[in-house]
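S.K.: Quick one: the structure is below, and I'll ask about it shortly.
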Amino acid sequence: MEKILYKKNIEKKSNCNIWCAFPACYSFAMSSLGYLWIFKSMDEDENINVERIYSDTINTKFSVTDIDAICFSFSFDMDFINIFKMLEKYNIPILSKQRDENCPIIFGGGPVLTANPMPYKSFFDFIVIGDGEIINTKATQIISEMKGHSKQQILNKISEIDGIFVPSANQKKVKKNTIKINECVYTPILSDEAFFKNMFIMEISRGCANCCNFCIASYLNLPVRFAPFENIIKTIDLGLEHTNKIALLGAQVSIHPRFKQICEYIYNKIKQRPEIEMSISSLRVDAVDDIIIKTLAAGHQKHVTIAIEAGSERLRKIINKNITEEQIFKTVETIRKNGLKGVKIYAMIGIPTETQHDLDEIITLAKNLKKSNKGFDISFAFSSFVPKPNTPLQWCGRIPTLELEKKQQFLKKEFHKIGIKASFSSIKWDYWQTVLSRGDENFEDFLIDVYKNGAKLGAFKKAAKNRFNPDDYAIRTYTIDEDLPWDIIELNPGKNILKERYKTIFEG
């Protein structure tokens, strides 16, 4: 069952129909704040009729022959698999050059496409780069107003919008769109079948001032912006009118200038209504204090996550994660003393310049944390370094897979010895994620082959064979002055700033 939290116009006179598509199942879509907010902005537009579809959609209000455009959310590298599957489900050719005038315009947006649209340019008629709330509406308005014109005429007009990449328009550069955060983005539709059942999520900040040198979430969303405090309070009240589950979202929520007051407001609400549940996805180590943890504990959150990324201070400085061991210990102590049951600590292996000493340091850190916090649930979750476009470490290649697997096995063995739970990402899947992240415009046949052959690990290897050496994308360290596929996208900061940060790391 769904509950819509905004005023829905059910008497539109428009003849323009759009599908807002999510490349996963309904339950995941209904927990995706970005997807639901884009749908809300379309649904509030008098000029278009919009319907949500998912990978598991069975029946639709509109037939595909009635649809003028399909908008895809693209948040994860592997989303292309379900996008292709959904296109084929509705008998739409995967490649844009194979679609005729009777096919809907296919477009997409999201962090994967903003970071590097080039591997996917053959599949979309246009791509939204950056914040989509406003330019997405501008594009759909053009689709509505120019209904009856040729597809290329519509796309040529859309290409005039700053922040939109239209491959057929041969654009040289596309500047990422960045908006002011004047309102608090929130979950506009609650569902008891969502992955996070009836959870009201609020985005209180966008971007991260820390700018870790590997972190795409930081660099894609600069500059850091905060929702106004007064709007956040109103949004909290709106959510609590309809549910007892609220969550704060942001890459760095705890640096909101009034974060303590936000927590105090929620804490007082919980004292009035003890059934309220409140959660935060992760906390910044150097911004944790008693009121934050007290609020989470009162809101029934039992565990919290923090990211330290590396065990040694030397390596944390390399990646610009400027937190000390003392801060880590103090944070865990604060979490424990204020009533939470445990902490999960995120870290990475394979960071450039990593040595065995750095791995030893994380084992020592884990041992000492356990010793200082007896009876407290401490666990670790490890991923492996994936160089992401538009970050200072975009030029760095990955450590070869066998070497990374040896590092992983070492950590598994040592964590087992000290009795701390540790989970690990797949080194082989992280390898292919790197290939996709650093891919170029020659990937269309490769991606289609991966999809046609089942999209398992073997399918990636088979599809790359006789086309290219995937190590050239995953393991090769690029020279700092070579042209990169994603240079078509202009972010803030620009490439020269990224170069300076890269040189600081490796040249001193």
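S.K.: Determine the calculated [θ] at 222 nm for the chain from helices alone, applying -39500 (n - 2.57) to every DSSP H run no shorter than 4 residues and normalising by the residue count; nearest 500 deg cm²/dmol.
M.R.: Here the helix-only value at 222 nm equals -11000 deg cm²/dmol.
S.K.: Arrange the peptides 254-266, 387-399 so that the one whose residues have, on average, the most other Cβ atoms within 10 Å appears first.
M.R.: The most tightly packed comes first, giving 387-399, 254-266.
S.K.: For the range 1-58, what's the relative contact order in percent, using C-alpha pairs closer than 8 Å and at least 6 residues apart?
M.R.: 48 percent
S.K.: Among DSSP beta bridges whose residues both lie in the chain, state the antiparallel percentage, nearest 5.
M.R.: Given both bridge residues lie in the chain, the antiparallel proportion sits at roughly 15 percent.
S.K.: Cα-Cα over 20 Å: which of K260/K421; K40/K138; K197/K302; K260/K374?
M.R.: Beyond 20 Å: K260/K421; K260/K374.
S.K.: Past 31 Å, Cα to Cα: identify those pairs from K330/K499; K147/K388; K428/K499; K13/K175, in the order given.
M.R.: K330/K499; K147/K388; K13/K175
S.K.: Just want the answer: with Cβ charges of +1 for Lys and Arg and -1 for Asp and Glu, which residue in I232, F196, I488 is farthest toward the dipole's positive end in the chain?
M.R.: Farthest towards the positive end: F196.
S.K.: Relative contact order (percent) for the chain, with alpha-carbon contacts under 8 angstrom and 6 or more residues of separation? Could the numbers behind the result be given before it?
M.R.: On the way: 927 pairs, mean separation 65.7, N = 508.
Relative contact order comes out at 13 percent.
S.K.: For K412, go through the aspartates and glutamates and keep the ones whose alpha-carbon is under 17 Å away, minus same-chain ones fewer than eight residues off.
M.R.: E309, D358, D360, E361, E403
S.K.: Right, here's the next one. In terms of the Cα gyration tensor, with a ≥ b ≥ c the square roots of its eigenvalues, is the chain rounded because a/c is under 1.5, prolate because a/b exceeds b/c, or oblate?
M.R.: Numbers: a/c = 1.84, a/b = 1.21, b/c = 1.52.
It comes out oblate by the Cα gyration axes.
S.K.: Magnitude of the Cβ-charge dipole of the chain, K/R +1 and D/E -1, about the Cα centre, nearest 20 debye? Walk me through the intermediate numbers first.
M.R.: Values: 69 positive and 62 negative charges, 280 e Å.
Once rounded to the nearest 20, the dipole reads 1340 debye.
Read-outs: derived from the displayed coordinates by stated rules, not from any lab. Just so we're clear, the structure is a prediction, and the values are computed from it rather than from any experiment. Note: ideal-geometry Cβ built from the backbone for every residue, glycine included; neighbour counts use all protein chains shown.
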